[in-house]
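So the structure is just underneath, and the comments pick up after that.
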Amino acid sequence: MNNTREVEVVVIGAGQAGLAGAYHLRRTGFEPDRDFVVLDHSPGPGGAWQFRWRSLTYGKVHGMHALPGMELTGADPARPSSEVIREYFAAYEREFDLRVRRPVDVLAVREGSGGRLLVETSAGDWATRALINATGTWDRPFWPRYPGQETFRGRQLHTAQYPGPEEFAGQRVVVVGGGASGTQHLLEIAPYAAATTWVTRRPPVFREGPFDENAGRAAVALVEERVRQGLPPKSVVSVTGLPLNDAIRQGLADGVLDRQPMFDRITPNGVEWNDGRHVDADVILWATGFRPAIEHLAPLRLREPGGGIRVDGTRAVADPRVHLVGYGPSASTIGANRAGRAAVRDIRRLLAEAEGEAVAA
């Protein structure tokens, strides 16, 4: 503990949610390095966006919402989103002097002394009175398990490793997953591949018409109810359905988005259903989503029997010092901004109460 640095707030993660939290800390009078610190394990700015495949251009990004206090303007829709958003996040960090420390791996968060949390990292330890956890999901790709998976002679990869469509030229590709990534992968790969097959656990839901504010609120409320019950969160996208845009309509018309039910087993040469159907495959691409990266919080024992962390707003019910932003209902870009503001408001109240002061809402 001798070399432990003390701050009021530690922010873990410098993606959309972490930067929004840091912005609101700065805006309400917290000084970087003195009062708060932002720790990010990525090599540079951009959050998870910096790792997205190059063919995901900015024009294809669904619902990227600007960070608070600084709009993203004039971006070329033909440029890779990884470049556009990396540059935007870097400019944002400079503009508000957020002084993100990277690369720093957070190893564990545990109970410290004097009512503080101890944040153990690859760059030393911090003792903090409050924590904003904004670690997202990109580092925890979800790989379902199916019988025979280990026998497959082809290649298996996840969306997190997706290299772009050219690498699948002449190959037979099975894409697993009914979300936005699965459909994007299929539409990109189909012109290059020898054949594509789309399988999902549930029939996909395509959403007609505009996704207005009321629909957005209703979708967020469904996810919020899960985390309030201590269940693992589902993504907001999972309850909104897939937008029926021109590209999706064309994919349906061309037969590229001809959804098949989930296979029952994987064979050395492909996938197989119990009714005897078999599809030969060179590649299985798992577009099966991600899980929250929260293992470092395990020493605090925040998880409920249902497997998730019970959250009220952004605050962990089991420990009011811990706020989760970009988790569950705040996993969307606009949700992350709102959650960052809400977390800072609650943290200011928590710290003021500890000092016997009052904070305006």
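So here's what we get for this one:
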quantity: Those residues of region 294-319 which are under 21 Å from Ala342 (Cα atoms), of a type outside the set (D, E, K, R) and assigned to a loop (DSSP other than H, G, I, E, B), in sequence order; calculated: Ile294, Leu302, Gly308, Gly313, Thr314, Val317, Ala318
quantity: All positions within region 125-135 that are crowded, with 24+ Cβ neighbours inside 10 Å and under 14 Å from Asp105 (Cα atoms); calculated: Trp126, Asn133, Ala134, Thr135
quantity: Residue count, region 189-201 (criterion: within 22 Å of the chain's Cα centre (by Cα) and not β-branched (Val, Ile, Thr)); calculated: 1
quantity: Pick from region 136-175, criterion small (Gly, Ala, Ser) and in contact (Cβ under 8 Å) with a residue 40 or more places away in the chain, ranking: surrounded by the most Cβ atoms within 10 Å (Cβ to Cβ); calculated: Gly136
quantity: Given (1) touching a Gly at 6+ places or on another chain (Cβ under 8 Å); (2) aromatic (Phe, Trp, Tyr); (3) modelled with pLDDT under 95, index of the condition Tyr58 fails; calculated: (1)
quantity: Residue within region 36-48 that is surrounded by 17 or more Cβ atoms within 10 Å (Cβ to Cβ), among the β-branched types (Val, Ile, Thr) and free of Cβ contacts under 8 Å to residues at least 40 places away in the same chain present; calculated: no
quantity: Residue in region 276-284 that is small (Gly, Ala, Ser), at pLDDT 95 or above and out of contact with any Leu (no Cβ under 8 Å at 6 or more places or on another chain) present; calculated: yes
quantity: Condition met for Pro292 (of a type outside the set (Asp, Glu) and surrounded by fewer than 16 Cβ atoms within 10 Å (Cβ to Cβ)); calculated: no
quantity: Residue check, Pro204 more than 20 Å from the chain's Cα centre (by Cα), modelled with pLDDT of 80 or more and either surrounded by fewer than 17 Cβ atoms within 10 Å (Cβ to Cβ) or not basic (Lys, Arg) (or both); calculated: yes
quantity: The lone exception for Gly313 - which of (1) without any contact (Cβ under 8 Å) to a residue 12 or more places away in the chain; (2) on the phi > 0 side of the Ramachandran plot it fails; calculated: (1)
quantity: Residue in region 325-342 that is modelled with the lowest pLDDT, counting only those that are more than 12 Å from the chain's Cα centre (by Cα) and within 22 Å of Ala48 (Cα to Cα); calculated: Ile334
quantity: Counted residues, region 91-108 - those being surrounded by 15 or more Cβ atoms within 10 Å (Cβ to Cβ), among the hydrophobic types (A, V, I, L, M, F, W, C) and out of contact with any helix residue (DSSP H, G or I) (no Cβ under 7 Å at 6 or more places or on another chain); calculated: 1
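The values are calculated or read from the model by the stated rules, or taken from the named source; none is laboratory data. Keep in mind that what you see is a predicted model, and the values were worked out from it rather than measured. All Cβ positions, even for glycine, are placed from backbone atoms using ideal geometry, and neighbour counts span all protein chains on display.
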